[in-house]
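Okay, structure first, notes after.
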Amino acid sequence: MCEKKYVVRLSEEERSILTALVRTDKRVATRKRMHAQVLIKVDEGEHGPAWSDEQAAKAFDVHANTVHAIRCQLVEQGFEAALSRKKQARPSREPVLNDAGERELLAIAQNKAPDGRARWTLHLLAGELVRLNVVESISHETVRKALKKTHCNLTSR
(Lines give C-alpha, C1' and ligand atoms only; values in the text may rest on other atoms or scores of the structure.)
Protein backbone atom coordinates (compact mmCIF):
# COMPACT_ATOMS: atom_id res chain seq x y z
CA MET A 1 0.00 0.00 0.00
CA CYS A 2 1.33 3.47 -0.85
CA GLU A 3 1.99 6.09 1.77
CA LYS A 4 -0.73 8.68 2.38
CA LYS A 5 -0.07 12.14 1.08
CA TYR A 6 -2.60 13.84 3.40
CA VAL A 7 -2.12 12.71 6.99
CA VAL A 8 -4.71 13.82 9.54
CA ARG A 9 -3.38 14.57 13.02
CA LEU A 10 -5.99 16.26 15.18
CA SER A 11 -5.11 18.30 18.23
CA GLU A 12 -6.91 17.61 21.51
CA GLU A 13 -9.02 20.74 21.03
CA GLU A 14 -10.06 19.76 17.48
CA ARG A 15 -10.82 16.22 18.62
CA SER A 16 -13.04 17.47 21.47
CA ILE A 17 -14.89 19.83 19.10
CA LEU A 18 -15.56 16.99 16.67
CA THR A 19 -16.62 14.60 19.43
CA ALA A 20 -19.02 17.19 20.85
CA LEU A 21 -20.41 17.81 17.37
CA VAL A 22 -21.07 14.12 16.81
CA ARG A 23 -22.60 13.54 20.25
CA THR A 24 -24.80 16.62 20.42
CA ASP A 25 -28.57 16.26 20.50
CA LYS A 26 -29.00 19.50 18.60
CA ARG A 27 -29.76 19.47 14.92
CA VAL A 28 -26.52 19.34 12.97
CA ALA A 29 -26.32 19.06 9.19
CA THR A 30 -25.91 15.45 8.14
CA ARG A 31 -22.94 16.28 5.95
CA LYS A 32 -21.19 18.14 8.76
CA ARG A 33 -21.77 15.30 11.23
CA MET A 34 -20.51 12.71 8.74
CA HIS A 35 -17.37 14.77 8.03
CA ALA A 36 -16.74 15.03 11.78
CA GLN A 37 -17.12 11.27 12.19
CA VAL A 38 -14.77 10.57 9.28
CA LEU A 39 -12.14 12.96 10.64
CA ILE A 40 -12.26 11.32 14.07
CA LYS A 41 -11.74 7.86 12.56
CA VAL A 42 -8.95 8.77 10.11
CA ASP A 43 -7.01 10.70 12.78
CA GLU A 44 -3.49 9.32 12.91
CA GLY A 45 -2.54 11.38 15.94
CA GLU A 46 -1.82 10.12 19.43
CA HIS A 47 -5.43 9.19 20.30
CA GLY A 48 -6.76 8.48 16.83
CA PRO A 49 -7.75 5.05 15.51
CA ALA A 50 -5.99 5.77 12.15
CA TRP A 51 -8.53 4.02 9.95
CA SER A 52 -7.77 3.67 6.26
CA ASP A 53 -9.91 5.48 3.71
CA GLU A 54 -11.55 2.19 2.75
CA GLN A 55 -12.46 1.34 6.35
CA ALA A 56 -14.00 4.75 6.96
CA ALA A 57 -15.81 4.65 3.62
CA LYS A 58 -17.37 1.31 4.45
CA ALA A 59 -18.31 2.36 8.00
CA PHE A 60 -20.02 5.60 6.92
CA ASP A 61 -21.44 4.30 3.64
CA VAL A 62 -19.58 6.74 1.40
CA HIS A 63 -17.03 6.29 -1.36
CA ALA A 64 -13.33 6.13 -0.50
CA ASN A 65 -12.80 9.21 -2.69
CA THR A 66 -15.11 11.14 -0.35
CA VAL A 67 -12.98 10.21 2.64
CA HIS A 68 -9.87 11.19 0.71
CA ALA A 69 -11.46 14.54 -0.22
CA ILE A 70 -12.32 15.25 3.44
CA ARG A 71 -8.77 14.40 4.42
CA CYS A 72 -7.41 16.73 1.69
CA GLN A 73 -9.68 19.57 2.74
CA LEU A 74 -8.51 19.38 6.33
CA VAL A 75 -4.83 19.41 5.39
CA GLU A 76 -4.99 22.01 2.62
CA GLN A 77 -7.78 24.37 3.71
CA GLY A 78 -8.03 23.90 7.45
CA PHE A 79 -10.31 22.54 10.13
CA GLU A 80 -13.34 24.76 9.47
CA ALA A 81 -13.28 24.17 5.71
CA ALA A 82 -13.36 20.41 6.22
CA LEU A 83 -16.59 20.69 8.19
CA SER A 84 -18.50 23.51 6.53
CA ARG A 85 -19.64 24.03 2.97
CA LYS A 86 -17.79 26.53 0.87
CA LYS A 87 -19.74 29.74 0.29
CA GLN A 88 -20.69 30.45 -3.28
CA ALA A 89 -18.30 32.95 -4.86
CA ARG A 90 -21.01 34.60 -6.93
CA PRO A 91 -24.73 34.05 -7.24
CA SER A 92 -25.91 31.42 -9.70
CA ARG A 93 -27.93 34.05 -11.48
CA GLU A 94 -27.46 37.79 -11.62
CA PRO A 95 -30.44 39.81 -10.34
CA VAL A 96 -32.68 41.32 -13.01
CA LEU A 97 -32.91 44.63 -11.13
CA ASN A 98 -29.76 46.10 -9.64
CA ASP A 99 -29.77 48.98 -7.15
CA ALA A 100 -30.08 51.60 -9.88
CA GLY A 101 -32.97 49.67 -11.45
CA GLU A 102 -34.76 49.44 -8.11
CA ARG A 103 -34.39 53.18 -7.59
CA GLU A 104 -35.80 53.79 -11.06
CA LEU A 105 -38.71 51.45 -10.29
CA LEU A 106 -39.48 53.31 -7.07
CA ALA A 107 -39.36 56.65 -8.87
CA ILE A 108 -41.81 55.41 -11.49
CA ALA A 109 -44.12 53.83 -8.90
CA GLN A 110 -44.29 57.05 -6.88
CA ASN A 111 -45.12 59.19 -9.92
CA LYS A 112 -48.63 59.86 -11.14
CA ALA A 113 -50.28 56.85 -12.76
CA PRO A 114 -50.72 56.84 -16.56
CA ASP A 115 -53.79 58.51 -18.07
CA GLY A 116 -56.96 56.49 -17.62
CA ARG A 117 -55.55 54.62 -14.60
CA ALA A 118 -56.16 55.24 -10.92
CA ARG A 119 -52.84 53.66 -9.88
CA TRP A 120 -49.86 51.72 -11.19
CA THR A 121 -50.27 47.97 -11.60
CA LEU A 122 -47.38 45.53 -11.52
CA HIS A 123 -47.83 44.80 -15.24
CA LEU A 124 -47.81 48.51 -16.07
CA LEU A 125 -44.63 49.03 -14.02
CA ALA A 126 -42.93 46.08 -15.74
CA GLY A 127 -43.88 47.46 -19.15
CA GLU A 128 -42.65 50.93 -18.22
CA LEU A 129 -39.25 49.58 -17.10
CA VAL A 130 -38.86 47.84 -20.45
CA ARG A 131 -40.05 50.94 -22.37
CA LEU A 132 -37.48 53.13 -20.56
CA ASN A 133 -34.71 50.58 -21.29
CA VAL A 134 -33.98 50.00 -17.61
CA VAL A 135 -34.11 46.25 -18.34
CA GLU A 136 -34.57 44.15 -21.47
CA SER A 137 -37.45 42.17 -20.00
CA ILE A 138 -38.94 41.74 -16.55
CA SER A 139 -41.91 39.91 -15.09
CA HIS A 140 -44.54 41.50 -12.92
CA GLU A 141 -43.53 39.08 -10.16
CA THR A 142 -39.98 40.45 -10.11
CA VAL A 143 -41.44 43.95 -9.86
CA ARG A 144 -43.62 42.81 -6.96
CA LYS A 145 -40.66 41.34 -5.09
CA ALA A 146 -38.58 44.48 -5.59
CA LEU A 147 -41.40 46.69 -4.33
CA LYS A 148 -42.02 44.42 -1.36
CA LYS A 149 -38.32 44.49 -0.49
CA THR A 150 -38.38 48.29 -0.42
CA HIS A 151 -41.69 48.37 1.50
CA CYS A 152 -43.38 50.34 -1.26
CA ASN A 153 -47.16 50.13 -1.11
CA LEU A 154 -48.88 51.14 -4.34
CA THR A 155 -52.40 51.11 -2.84
CA SER A 156 -51.78 53.68 -0.10
CA ARG A 157 -52.31 57.20 -1.44
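Below are the figures for this structure:
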item	result
Residue match in the range 123-137 (condition: outside any helix (DSSP H, G or I), outside the structural domain of Ser52 (by TED's automatic domain parsing) and at positive phi)	yes
Test result for Val42, over 30 Å from Ala146 (Cβ atoms), in contact with a Phe, Trp or Tyr (Cβ under 7 Å, 6 or more places away or on another chain), touching a residue at least 60 places away in the same chain (Cβ under 8 Å) and of a type in the set (Val, Ile, Thr)	no
Residue within the range 118-136 that is at pLDDT 95 or above and of a type in the set (Gly, Ala, Ser) present	yes
The range 80-106, subset within 19 Å of the chain's Cα centre (by Cα) and assigned to a helix (DSSP H, G or I), residue surrounded by the most Cβ atoms within 10 Å (Cβ to Cβ)	Ala82
Residues (part of a loop (DSSP other than H, G, I, E, B) and within 18 Å of Pro95 (Cα to Cα)) located in the range 138-157	Ile138, Ser139, Thr150
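The values are calculated or read from the model by the stated rules, or taken from the named source; none is laboratory data. Since we're looking at a predicted model, the values are computed, not measured. Note that each Cβ is placed from the backbone with ideal geometry, even for glycine, and that neighbours are counted across all protein chains shown.
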